Ligand SMILES: C[S@@+](CC[C@H](N)C(=O)[O-])C[C@H]1O[C@@H](n2cnc3c(N)ncnc32)[C@H](O)[C@@H]1O
């Protein structure tokens, strides 16, 4: 029997697919079921049918999986911030490891890799050091709010319903950030309401208030508030900045980014410091990092420390090596390796990231790191010094095939590949298969209650 749109089936969910959806096979066809986890017994309806797979929605719950827990957040089930809160944390870790292993096997044809158990996040709530909340002029109502006709359907500030840019609900509390973040969110909400200025419409692209970004320094328990608007306003913006600085001693700076672009990104065409400091300082290991509003910094500081410690362990540095770090961002990896290597060269194409990296070297009195600005496809062929160790930490899309070829021409003794996307990781490892052996793989969880996973792979040159 063929699976068709609109059909219903009684099933038990048997697996989990990347993206966090439950998986069941019906007559050989993979069916992805939103909100379901392995062990759930459910009545489902097929909502979408493609050539090789189908999607379904749960119509009725028959029996809950033993892996389910009561999610503490009232928005669990429709918030895009975390989709796995109803899954026991130990089970999340198991599925994340399984996802890395299966990607290596199915995409990379690497069957003998030693994939270690996932290193857990030391905190599973309040772990995020950066949050972005969007403003909307027409908020999405939660099922509970739908029952209350007195609720104002206009302004809202908060997180998105998964996969949508325009469905924003008024988030009163997010458990992924430390609690002061929720007080800041609420104060900004009240200020926006009383300001008389309109929120930005995600459809109309008109209005003033666009985003609130909060950053938290774990080491020093300090906060940076970044307010993003569509235009300048010399009266209102300093008022909110001073209000926050006066109310909260932990807020050390209030920044304003201004963007008239339609794209939903918080980086403005112009940035000014409204009050206090323009950067926030956090610490990983022995080093401090100055983070500006739009710098890249891993969003789970404690988790990042474990991730980078694994990178250092896999790099096996003795102090005499030249290390080349591809996609070096704000220089976190070069700085953390600087005390164990002779020198570290970072390649990065974002000018602001290179400026941050150089600044962070000065801040930490690190003198053996240098950074080369430009697209790696152009800067890598110009590297004349053969590195003993190569670190690769690309964006989600992975490496360009030309870069993989250039890496093979350098032929370092060891490579450490850091990835936030198991699928592109597995694809890229195919390029290195002839010359390198995957010695071990360490998944590290930086994002509890989401299906995202970081992995660190140790590659050793094959003896010929
Ligand atoms: C995942 S981040 C790595 C960040 C850094 N290793 C860290 O842990 O903070 C990827 C970085 O690659 C940079 N990037 C992306 N494509 C690039 C390219 N073709 N050439 C150079 N840098 C690139 C991005 O600007 C970004 O900073």
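Only the coordinates and a few stated rules stand behind these numbers; no lab work does. Here the structure is a predicted model, which is why all the values come from computation and not from measurement. Ideal geometry is used to build each Cβ from the backbone, glycine not excepted, and the neighbour counts take in all protein chains shown.
Results, tabulated for the structure shown:
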read-out: Computed over the chain, Cα set: Rg, Dmax in Å; value: 23.7, 74
read-out: R0 of 60 Å, Cβ-Cβ distance residue 47-residue 362: FRET efficiency to nearest 0.05; value: 0.65
read-out: Shape of the range 34-132, Cα gyration tensor, a/c cut at 1.5; value: oblate
read-out: Burial ordering of 161, 311, fewest other beta-carbon atoms within 10 Å first; value: 161, 311
read-out: Gain in span if fully extended, residue 382 to residue 246, counting 0.36 nm per residue against the direct Cα distance; value: 43.8 nm
read-out: Computed E for residue 70/residue 221 - FRET, C-beta separation, R0 41 angstrom, nearest 0.05; value: 0.90
read-out: FRET efficiency, residue 309 to residue 144 (Cβ-Cβ, R0 35 Å, nearest 0.05); value: 0.25
read-out: Sequence-separation-based contact order of the range 130-284, relative, with Cα cut under 8 Å and 6+ spacing, percent; value: 19 percent
read-out: Beta bridges by DSSP in the range 1-90, antiparallel share as percent, to the nearest 5; value: 85 percent
read-out: The chain: antiparallel DSSP beta bridges as a percent of all, rounded to 5; value: 65 percent
read-out: Linear extension gain, residue 272 paired with residue 370, 0.36 nm per residue minus alpha-carbon span; value: 32.5 nm
read-out: Cα centroid separation, the range 76-117 to the range 402-436 (Å); value: 21 Å
read-out: Pairwise label distance in nanometres, residue 396 with residue 88, each label 7 Å out on the Cα-Cβ vector; value: 3.0 nm
read-out: Linear extension gain, residue 151 paired with residue 59, 0.36 nm per residue minus alpha-carbon span; value: 30.3 nm
read-out: Ranked packing of 130-142, 403-415, most packed first, by mean Cβ within 10 Å; value: 130-142, 403-415
read-out: The range 1-68, relative contact order [Cα under 8 Å, separation at least 6], %; value: 31 percent
read-out: Rounded, prolate or oblate (a/c below 1.5 giving rounded, otherwise prolate when a/b exceeds b/c) for the range 130-284 by Cα gyration tensor; value: prolate
read-out: Gyration tensor verdict on the range 288-364 (Cα atoms; rounded if a/c is under 1.5, prolate if a/b is larger than b/c, oblate otherwise); value: oblate
read-out: Pairwise label distance in nanometres, residue 316 with residue 355, each label 7 Å out on the Cα-Cβ vector; value: 4.0 nm
read-out: Whole-Å distance, taken between Cα centres, linking the range 304-354 and the range 210-224; value: 25 Å
read-out: Relative contact order computed over the chain (Cα-Cα under 8 Å; 6+ residues apart), in percent; value: 13 percent
read-out: Helix-derived mean residue ellipticity, 222 nm - over the chain, DSSP H n ≥ 4, -39500 (n - 2.57), to 500; value: -7000 deg cm²/dmol
read-out: Residue 234-residue 166 pseudo-label distance in nm [points 7 Å out on the Cα-to-Cβ vector]; value: 3.7 nm
